[in-house]
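These notes concern the structure reproduced below.
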Amino acid sequence: MITVDNREVMPGTGVAPSLYAIGWGLARLGRFAGQTTTWYPVLPHVYTVADLVSREAEIHAKLHDSAESIVGEQVATWKNGLTSASEDELLELIYREMGLDFPNEAIAAEVHIADIVARSAEAKILGHAQPDHPHFLEAREKYPELYEKALEATRNRIAIYTPAYCFGETAEL
């Protein structure tokens, strides 16, 4: 794949997408693979996850979906070993390019919880077909304060990250 800033990011080449290309791509990928009544990109989801974690975990939250800028948004239930291996390879390249170490277990767990909570809030707000699916309800019940914070962050970002903003004149190179 050739990124928007002309990097050739291919398996086995050792080339990572730039932060610019990551942001560009994530701003154009719809959450839940586009299966909601309100369009919402992955990029503001990443910022919401970052809002829900400690300062120490923030950079890892901002990078947690960065590989999707190349491999695309794929819902968790459809990810398989091949998809996960591709994402892992890209994340390793991105972290290496940024001079970062992977998060320790505690930080990885914190980011994972924030990701699940943000996903639950987004399902409720974006018109997901099953916003009260047991998986989403569990996150709401287990982390009610984080869930409220995620709801507020998502509501605020919907107004900003519109299709016109992400695909229109303001999104030009």
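The values are calculated or read from the model by the stated rules, or taken from the named source; none is laboratory data. Note that this is a predicted model, so its numbers are computed, not measured. Cβ: placed from backbone, ideal geometry, glycine included. Neighbour counts: every protein chain shown. These area figures cover heavy atoms from the full protein model, side chains too; ligands, DNA and RNA do not enter into them. Shrake-Rupley method; radii C 1.70, N 1.55, O 1.52, S 1.80 Å.
Can you pull out every residue in the range 9-37 that is of a type in the set (Val, Ile, Thr) and within 21 Å of residue 120 (Cα to Cα)?
Scanning the range 9-37 gives 36, 37.
Could you grab me the full set of residues in the range 133-148 that are open to solvent by less than 100 Å² (accessible area, probe 1.4 Å) and farther than 18 Å from residue 33 by Cα?
Of everything in the range 133-148, those that are open to solvent by less than 100 Å² (accessible area, probe 1.4 Å) and farther than 18 Å from residue 33 by Cα turn out to be 134, 137, 139, 140, 143, 144, 146, 147.
Kindly state which helices (runs of 4 or more DSSP H) lie completely within the range 28-76 and contain at least 2 residues that are modelled with pLDDT under 95 and open to solvent by 20 Å² or more (accessible area, probe 1.4 Å).
68-71
Could you list, in sequence order, all residues of the range 121-149 that are among the basic types (Lys, Arg) and under 18 Å from the mean Cα position of the chain (by Cα)?
124, 149
Give the number of residues within the range 108-120 that are within 12 Å of the chain's Cα centre (by Cα) and either open to solvent by 10 Å² or more (accessible area, probe 1.4 Å) or without any contact (Cβ under 8 Å) to a residue 24 or more places away in the chain (or both).
Counting residues in the range 108-120 that are within 12 Å of the chain's Cα centre (by Cα) and either open to solvent by 10 Å² or more (accessible area, probe 1.4 Å) or without any contact (Cβ under 8 Å) to a residue 24 or more places away in the chain (or both) gives 5.
Exactly one condition in (1) touching a residue at least 40 places away in the same chain (Cβ under 8 Å); (2) within 30 Å of residue 2 (Cα to Cα) is false for residue 53; which is it?
With respect to (1) touching a residue at least 40 places away in the same chain (Cβ under 8 Å); (2) within 30 Å of residue 2 (Cα to Cα), residue 53 is out only on (2).
Among the residues of the range 2-24, are any in a helix (DSSP H, G or I) and of a type in the set (Asp, Glu)?
Scanning the range 2-24, I find no residue that is in a helix (DSSP H, G or I) and of a type in the set (Asp, Glu), so the answer is no.
Please name all residue pairs, on different chains or six or more residues apart, with Cβ atoms under 9 Å, provided the first residue is in the range 133-156 and is among the hydrophobic types (A, V, I, L, M, F, W, C) and the second residue is open to solvent by 70 Å² or more (accessible area, probe 1.4 Å) and in a helix (DSSP H, G or I).
136/124; 151/124; 153/47
Suppose the filter is in contact (Cβ under 8 Å) with a residue 12 or more places away in the chain and under 21 Å from residue 1 (Cβ atoms); does residue 87 pass it?
Yes.
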